[in-house]
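Reviewing the structure listed below.
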Amino acid sequence: MSAYLSIRNLSVALKGGGPILRRVSLDVHPGQVHGLVGESGAGKSMIGKAVLGTLPRALQVTGGEIWLDGVNLETLPPSERRRRIGATAALIPQDPLTALNPSKRIGPQITRRLVDILGWSRADAQNRALELLAEVHIPEPARVMRNYPHELSGGMRQRILIAAAFAAEPQLIIADEPTTALDVTVQKQILRLIAQMQARHGTALMFVTHDLGVVSKVCDSLSVLYAGLVVENARMRRFFTRPIHPYSAALLAATPTYTDPFGSLKPVPQNVITAVETEVSQHDRRTGA
Amino acid sequence: MMYQIRDLHLSLPDMTRKPILGHAPQMNILKGLSFDIPKGAVLGIVGGSGSGKSTLGRAMVRLLEPTAGQIMFDGKDISHASEDELRPLRKRFQMIFQDPMSSLNPRRRVGGIIAGPLRLHGVDVSGKVDEALEMVGLPRHFATRYPHELSGGQRQRVGIARAIALRPDFILADEIVSGLDVSSQAQVLNLLEELVRDLGLTLAFISHDLSVIRRLCSRVIVLRNGEIVEATETVKLFDTPQADYTKELLQAIPLPDPGQTWT
């Protein structure tokens, strides 16, 4: 099966500064979930932003290719690139409160994209939104459409963003830490919901998280990042039984596990950090970055 | 006993339902909590968001005043003590906050941040800042740095250094590792374990993460909607959870193990 999103040697750097992503390569297949894990600052969110074309202004793509459905996005003119991304990809952001406009009702925030970008009629968009809110198990969708974001709980807001992400039947969804701000019990519901929606719609999903526990529940494959370098690309089950890279193994040993309180939560050993830092600088020398 | 808490109630005004004119309606946050913390114990306080765990913590260090009930700190009733009466006691109970970026003054250097509470309480500062930095495993020259120059884990160490510099008897730690990467989480927890042991601290550790609680705490109380649904030894909580809510919390935790049955 060919990948829907294929990233090849993608490099991103600070304008006039150091590298942020170091020749990242990975594939996301239709109907599959690919996890991006790493500690804060490892660049995992930047991969999603590079694909969507929403990198912070201080950063730029300095090399590599992003293939979406067989087309190299980097060769397209900006307007065509935006149109293609807008029509086929969507984002589920981390913080549902900042992602929703506090001064607008829920309904228009879901339908806007359908009306403005995809040219649907207002009535069709309205019906589609109602349908989706029911699909993400929101009680009384018609009433919620008229609510403002602050009137809803964090879990409800995240459901709405999931509904909005799936609204235009995207083929690729990038979920950027979608449950980090939520309680464990709500997180479980939301993760299950994302997995159900993704499977039902056959979407390719790129899932950014720092929680390996979450990865083991939702992902089919994953990339481990350190300082913008992919240290390991792995199938999910193999990763948890036999992580190859020492940094992956250390990250796994640091993950809190209540069933094994003293075997888990181990700090990443200094020699592992030194080794992976050396790997990064060797990579930079080799690529002349 | 370090703390004896009896039938603690606390209500706060619900500002989301405040009419334009007039008072906001009161919302009951804590609904009759009773528990003890023996000296030298590490108590875990868990619960989902909105369960009242942070409000409970704030009442314990009297940043909030209870509506009813009693808080005894080392045998003294502090439930309605005035600021003047509290001041000498504040030296003895300190707090570490969740987000060091917003609880450390960005315009002050680390040294000034740690010395702040010492000066407020009229304690001789000399040598104390270096000592506190050393105890949390930061080099002395960090005293001249600003919070934004530090990593998340280092910032949280500064928060801890500020709390222990006064040599308190009791520390309240409110979700202090939830904003950190797993590797820094492990380091900060190890540090806290050492400090509790070496300084003979009593600690209340608020967290939503049961894995972290299991590692650190000897006893746990589980809160839901401002009520204690379970209070027990940590080992028992994990081996034989009694309350349905505790079971639900435990089952919701995604373990890093593809074999876990989770649905």
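How big is the gap, in Å, between the Cα center of segment B:190-205 and the Cα center of segment B:89-134? Each part reduced to its Cα centre gives a spacing of 17 Å. Heavy-atom accessible surface of residue B:109, to the nearest 10 Å², is about 110 Å², with a 1.4 Å probe and all protein chains retained.
Cross-link check: pairs B:39/B:236; A:188/B:236; A:217/B:236; A:266/B:31 evaluated at a Cα-Cα cut-off of 31 Å; pairs beyond the cut-off: A:266/B:31. With unit charges on the beta carbons (Lys and Arg positive, Asp and Glu negative) and the dipole taken about the Cα centre of chain B, which residue among B:222, B:47, B:73 sits farthest to the positive side? Towards the positive end, the residue furthest out is B:73.
Taken about its Cα centre, segment A:167-255 carries a charge dipole of roughly 400 debye when the Cβ of each Lys and Arg holds +1 and the Cβ of each Asp and Glu holds -1. Convex hull volume of the Cα atoms of segment B:85-204, normalised per residue: 100 Å³. Just to confirm, what accessible area per residue do you get for the protein assembly as shown at 1.4 Å probe, in whole Å²? On a per-residue basis, 44 Å². Burial annotation for segment A:254-270: residues with an accessible-area loss of at least 50 Å² between the isolated chain and the complete set of protein chains, computed on heavy atoms with a 1.4 Å probe, are A:256, A:258, A:261, A:265, A:267.
In vacuum, with every alpha carbon of segment B:184-263 counted as one equal point scatterer, what does the Debye formula give for log10 I(q)/I(0) at q = 0.18, 0.24 Å⁻¹? Two decimals, please. Per q value, in the given order, log10 I(q)/I(0) is -0.85, -1.23. Judged by the gyration tensor of its Cα atoms, with axes a ≥ b ≥ c, chain B is oblate; a/c meets the 1.5 cut and b/c is at least as large as a/b.
If one computes the Cα centroid of segment A:246-289 and of segment A:142-219, what distance in Å separates the two points? Value for the Cα centre distance between the two parts: 29 Å.
How many times 2.2 N^0.38 Å is the alpha carbon radius of gyration of segment A:148-283? Normalised Cα radius of gyration, segment A:148-283: 1.20.
Taking the Cα centre of segment A:5-287 as reference, the dipole from Cβ charges on Lys and Arg (+1) and Asp and Glu (-1) amounts to some 360 debye. In segment A:34-75, burial by the other protein chains removes 20 Å² or more of 1.4 Å probe accessible surface, compared with the chain on its own, from A:39, A:40. Between A and B, buried accessible area from a 1.4 angstrom probe totals roughly 3000 Å², ignoring ligands, DNA and RNA. In the protein assembly as shown, the portion of solvent-accessible area held by carbon and sulfur atoms comes to 50 percent [1.4 Å probe, whole percent, DNA, RNA and ligands not counted]. Across all Cα atoms of the protein assembly as shown, the radius of gyration (one decimal) and Dmax (whole number) stand at 25.1, 74 Å. Under a model in which nothing but the beta-carbon of Lys, Arg (+1) and Asp, Glu (-1) is charged, the protein assembly as shown shows a dipole of about 1100 debye around its Cα centre. Computed over chain B, the per-residue total of -39500 (n - 2.57) for DSSP H runs of n ≥ 4 gives a 222 nm mean residue ellipticity of -10000 deg cm²/dmol, rounded to 500. Taking 0.890 mPa s as the viscosity and 25 °C as the temperature, the Stokes-Einstein diffusion coefficient of segment B:65-115 based on its alpha-carbon Kirkwood radius rounds to 182 µm²/s. Working ranking of peptides B:241-247, B:215-221 by packing, defined as the average number of other Cβ atoms within 10 Å per residue, highest first, is B:215-221, B:241-247. Dipole of chain A computed with +1 at Lys/Arg Cβ and -1 at Asp/Glu Cβ about the Cα centre; of A:48, A:246, A:257, farthest Cα towards the positive end is A:48. Computed FRET efficiency, Cβ-Cβ of residue B:35 and residue A:249, R0 35 Å: what is it to the nearest 0.05? After rounding, the FRET efficiency stands at 0.30. Semi-axes of the equivalent ellipsoid for segment B:9-140, computed as √(5λ) from the eigenvalues of its C-alpha gyration tensor and ordered from largest down, come to 31, 20, 16 Å. Panel values: segment A:5-287, Kirkwood radius from alpha carbon pairs, Stokes-Einstein at 25 °C and 0.890 mPa s, translational diffusion coefficient 123 µm²/s. Starting from the Cα gyration tensor of segment A:214-289, take the square roots of the eigenvalues, sort them a ≥ b ≥ c, and report rounded, prolate or oblate (rounded when a/c is under 1.5, otherwise prolate if a/b is larger than b/c, else oblate). It comes out oblate by the Cα gyration axes.
Comparing segment B:1-46 with the 2.2 N^0.38 Å rule of thumb, its C-alpha radius of gyration ratio is 1.68 (two decimals). Think of segment A:5-287 as a dipole: +1 on every Lys or Arg Cβ, -1 on every Asp or Glu Cβ, centred on the Cα centre; then among A:29, A:268, A:101, A:101 lies furthest on the positive end.
With 30 Å² as the minimum drop in accessible area between chain alone and full protein complex (1.4 Å probe), the qualifying residues in segment A:186-231 are A:188, A:192, A:210, A:213, A:217. In chain A, the DSSP-assigned H stretches of four residues or longer account for a calculated mean residue ellipticity at 222 nm of -13000 deg cm²/dmol, using -39500 (n - 2.57) per stretch and the full residue count as denominator.
The values are calculated or read from the model by the stated rules, or taken from the named source; none is laboratory data. Note that this is a predicted model, so its numbers are computed, not measured. Note that each Cβ is placed from the backbone with ideal geometry, even for glycine, and that neighbours are counted across all protein chains shown. Surface areas here come from the heavy atoms of the whole protein model, side chains and all, with no ligands, DNA or RNA. Shrake-Rupley method; radii C 1.70, N 1.55, O 1.52, S 1.80 Å.
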